[in-house]
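The structure under discussion appears below in the form of structure tokens.
The values are calculated or read from the model by the stated rules, or taken from the named source; none is laboratory data. Because the structure is a prediction, the values reported are computed rather than measured. Neighbour counts are summed over all protein chains in view; Cβ atoms, including those assigned to glycine, are modelled from backbone coordinates with ideal geometry. Side chains included, ligands, DNA and RNA excluded: accessible areas come from the protein's heavy atoms. Shrake-Rupley method; radii C 1.70, N 1.55, O 1.52, S 1.80 Å.
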Amino acid sequence: MTPSIRRRWPWFLLVGSLALNMLAGGFVVAHSFRPPPPPGPEQMLERLVNEVSGRLSPADAAILRKALDDARPLFVRIRIGREEFAPRLRSELMAESFDPKRLTDLFDNIHANDATLRREFEARVAETMSRLSPEGRLRLAESRLP
């Protein structure tokens with residue numbers, strides 16, 4: 001090898017290393033600026049309860065906090081239902097013998113489950129609101145409801 005080729009070899013390594021580091025840095029920066037996922041119903045209600053509790057009587061704040069704690073299993077069921085939908089839909093779409101009726105049944109089951117969970121959630125909200133004082137309901141109505 002000639003001396004000029006030996007001197008160029010470290011230069012190519014330096015440029016290649018710099019390019020790889022810039023690429024990796026770009027991935028890190030892009031990932032750090034990604035917006036967070038939108039909050040779920042549990043996080044939205046928890047934020048609402050935290051914001052409103054300071055303006056409520058201690059008794060009304062305790063009622064709201066207990067209702068939120070009691071509803072956590074419901075939020076888990078909602079989350080599980082949503083997480084199970086995508087794999088089931090994927091398996092229906094990838095089935096060798098595609099059956100539109102099975103896909104329609106899957107959608108019907110998801111809608112029925114969502115409606116059941118929504119009714120249960122709405123019943124809990126109505127029951128909780130009935131236990132709040134009139135002043136507590138007024139303070140809640142004046143807040144930023146989701």
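Accessible surface comparison of Leu56, Leu93, probe 1.4 Å, protein chains only, largest first: the order is Leu93, Leu56. Taken about its Cα centre, the chain carries a charge dipole of about 860 debye when Lys and Arg each add +1 at the Cβ and Asp and Glu each add -1 at the Cβ. Full extension of the chain between Arg34 and Arg72 yields a length gain of 10.9 nm, computed as 0.36 nm times the residue separation minus the alpha carbon distance. Normalised per residue, the accessible area of the chain is 76 Å², obtained with a 1.4 Å probe and no contribution from ligands, DNA or RNA.
Over the chain, what percent of the accessible surface lies on carbon and sulfur atoms, probe 1.4 Å?
64
Take Met129: with every protein chain present and a 1.4 Å probe, its accessible area is about 50 Å². Based on DSSP H segments of at least four residues, each scored -39500 (n - 2.57), the chain has a per-residue ellipticity at 222 nm of -29500 deg cm²/dmol.
Between the C-alpha center of segment 25-50 and that of segment 81-146 there is a gap of 21 Å.
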